[in-house]
Every structure is written in structure tokens, then in C-alpha cells.
Amino acid sequence: MAHELSKNMEAQGFQLILSETDDDRMVELRHLRELSANRVAGVIIVPTARPHSESVKLLRGVPHLQLLRRHPSLGSQWFGVDDQEAVREGTAHLVALGHTRIAYLGGPVELPTGADRLAGFRNALREGGLSEGEDAARAELGPPSSVEYGREAARRLLEGPRAPTALVLGSIQLTLGVLEELSRQGVKVPEELSVVGFGDEPGFSWWGPGLTTVGLPIQEMATGCALWLLRRLKTKPSNDGAYTSMSPGSLVVRGSTALPQAD
């Protein structure tokens, strides 16, 4: 996403500065202080779950928009993905194959993306006549940007006689962690476990049998963000109206999903 944003901004004479917060609201505040002190032209922010009140004040003084996540205190300009439908489609794919023991790994519901993706998982279960339970479909939520949590959750879920026959993943970093752990354990995918990832990193197409995953419209969102911000910088309107752009994800079916094996 940052790469695509940079290309769009460079074409109009602007330089992209990338700041990563690791979902820490105080790091977010420190970065915004520094950017504001250096008179940054504009900000595209993926906000933390609870932005600091000073962060909110700082952003009021600079053209900005929210990307992927949105927090009501930061305004009404937002570019994102239909997270709920994206995960619903991936889960429905597994339900249609006949899986009933499905585990979902995603981010916390305090994050709007986490809440929407969990809702998509649950919607697909309900539509398929399934319910959550210890011996059926279930969800585990943790840090969405943690590869290590993906590894740990995969180890935990694969233990026991009633382990899930399928996994649905709710972030790119969790997907990376799970794939690493499955490779380390030598789990046969999709014979022993079907997997639906999130995002479509270049390596996902050749991981194992090829990863079935939710592809994200990275270029579309990046271009839309850049064009909106560039227009805002050129026209300098005194009061922006609400603007929301929700792009659909797309399920990319490869070899990591199949019919469940009989117990």
C-alpha cells in the first residue's frame, strides 16, 4: 500500500514519509507531533483503536483521511475494504465444501476491521446453519499485526482430537504466522487442513499448493487515497464533507482448500 501511495504522490511532486505505530496510541501521538512540527502537507492514517485526544487535535490542523480502519473522532473521510463481506465469502467457501469445524483467527473487536471481519465469519456460519462452539466453529482474537500470535494460535488450534478441519485468517500478518507454523509441523494442506488466508502477498500463490485467500484492492485504494488528498491539497476547501469509499475484496481460490476428510 505504501509503495503504491508513494508512486502516486511522487508523480505530483510530493514525498511519502512512512511511520509505523505497531498499534500503539502513544507512538501514534509521537509521530503526529513530529509530522505536525515539520509542517507535513497531509496525513493518511491507519488509526489505532483509541487515538489519543491530542492526536485528534493535531489532525484537525492538517488535511487527512483514514485508510482501512476508521475512528469517528478523526473525521469522516475514509477509504477501506468491505471487510465483513470479504471474510464472509472466504468462510462460506469452506462451509460449501462441507467443513463444520472451522476456526477463525483475527484481530480484536476494539478495531473496526476486527469487528467487521468477525461479523463476516459469523454471518457465513449462520447462513450455513452452523453455530460457534468448542467442538465446532470457533473464533480466536489477538494482535492482528503479530506473526508470532499466528504461530502460537496455529499450534494451539491443531492440538487435540477435535482440531478444526479448516482455518480462516483475518490479517496478513496472522496468515504469515500460520503458514510458517503449518510448514514447520509438516501439516498436509489441504488434505489435513484447509486454509483461507487474508491478503495476497506475492509468495502466497506458490506457498504449498497455492493459498486460497482474500485478495485486497491495494492499487485501487492507494490511487483513490492519493487522488483525494491531492485534490484536497490543491483546492484547500474550508470544510470537507463526508467521503467514504468501500472497495470489495475478492476470493482467490487456489489449492489450499478442499473437501474435509472423514474422521
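The numbers here are math on the coordinates, done by the rules we state, and not lab data. This structure is a prediction, so every number in the text was calculated from the model and none was measured. Here Cβ is always computed from backbone atoms with ideal geometry, including for glycine, and neighbour counts include all displayed protein chains.
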Can you compute 3J(HN,Hα) from phi for each residue in segment 213-224, using the Karplus curve 6.51 cos²θ - 1.76 cosθ + 1.60 with θ = phi - 60°, rounded to whole Hz and x for Gly and Pro? 7, 8, x, 10, x, 4, 5, 4, 5, 4, 5, x
The farthest towards the positive end of the charge dipole of the chain, of the residues GLY133, SER256, PRO143, given +1 on Cβ of Lys and Arg and -1 on Cβ of Asp and Glu, is PRO143
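In units of 2.2 N^0.38 Å, what is the alpha-carbon radius of gyration of the chain? Before the final figure, lay out the partial values.
On the way: Rg = 19.8 Å, N = 263, 2.2 N^0.38 = 18.3 Å.
Taking the Cα Rg and dividing by 2.2 N^0.38 Å, one obtains 1.08.
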Dipole moment magnitude, nearest 20 debye, segment 83-215 about Cα centre, only Lys, Arg, Asp, Glu C-beta charged: 260
Dipole magnitude (debye, nearest 20) for the chain, charges at Cβ of Lys, Arg, Asp, Glu: 920
Amide H neighbours of ALA137 at under 5 Å, excluding residues fewer than 5 places away on the same chain, with H built from the backbone geometry, are ILE102, SER131
Restricting to Cα pairs below 8 Å that are 6+ residues apart, what does the relative contact order work out to for segment 62-132? Please round to a whole percent. 33
When the Karplus curve 6.51 cos²θ - 1.76 cosθ + 1.60 is applied with θ = phi - 60°, which whole-Hz ³J(HN,Hα) does each residue of segment 142-159 get, with x for Gly and Pro? x, x, x, 9, 9, 5, 4, 4, x, 5, 4, 5, 4, 4, 5, 5, 7, 7
Find which of VAL168, THR235, GLN219 sits farthest along the positive direction of the dipole of segment 123-263, computed with +1 on the beta-carbon of Lys and Arg, -1 on that of Asp and Glu, about the Cα centre. THR235
Say the dipole of segment 53-156 comes from +1 at the beta carbon of Lys and Arg and -1 at that of Asp and Glu; which of ALA92, ALA153, PRO112 then lies farthest toward its positive end? PRO112
Which FRET efficiency value, to the nearest 0.05, is calculated for VAL27 and HIS3 with the Förster distance at 22 angstrom and r the Cβ-Cβ distance? 0.50
Kindly state, as a whole number, the per residue volume in cubic angstrom of the convex hull around the alpha carbon atoms of segment 135-247. 133
How many nm separate the modelled label positions at THR235 and GLU152, each set 7 Å beyond the Cα in the direction of the Cβ? 4.7
Amide H of VAL46: which non-local residues (sequence gap of 5 or more, or other chain) have their own amide H closer than 5 Å, using H built in the peptide plane? LEU67
Could you work out [θ]222 nm for the chain from helices alone, using -39500 (n - 2.57) per DSSP H run of at least four and dividing by all its residues? Round to the nearest 500 deg cm²/dmol. -12500 deg cm²/dmol
Return the long-range amide H neighbours of HIS64 (sequence gap of 5 or more, or a different chain), with a cut-off of under 5 Å between placed amide H atoms. VAL43
So for the pair ARG162, HIS52, with labels modelled 7 Å out along Cα→Cβ, what separation do we get in nm? 4.7
Give the relative contact order (percent, whole number) for the chain; include only Cα pairs under 8 Å separated by 6+ residues. 22
Magnitude of the charge dipole, segment 25-167, Cβ model with Lys/Arg +1 and Asp/Glu -1, debye to 20: 480
Using every Cα-Cα pair within segment 79-145, state what percent have a distance larger than 13 Å. 59
From zero up to wherever the largest Cα-Cα distance of segment 1-147 sits, split into 10 Å bins and tell me the percent of pairs in each. 10, 33, 28, 18, 9, 1
Rounded Å value of the spacing that divides the Cα centres of segment 43-73 and segment 103-131: 25
Rounded to the nearest 0.05, what FRET efficiency do ARG138 and SER247 give with R0 = 41 Å and r taken as the Cβ-Cβ distance? Could you check? 0.90
In order over segment 64-72: 3J(HN,Hα) from phi, Karplus 6.51/-1.76/1.60, θ = phi - 60°, whole Hz, x for each Gly or Pro, gives 7, 8, 9, 10, 6, 9, 9, 10, x
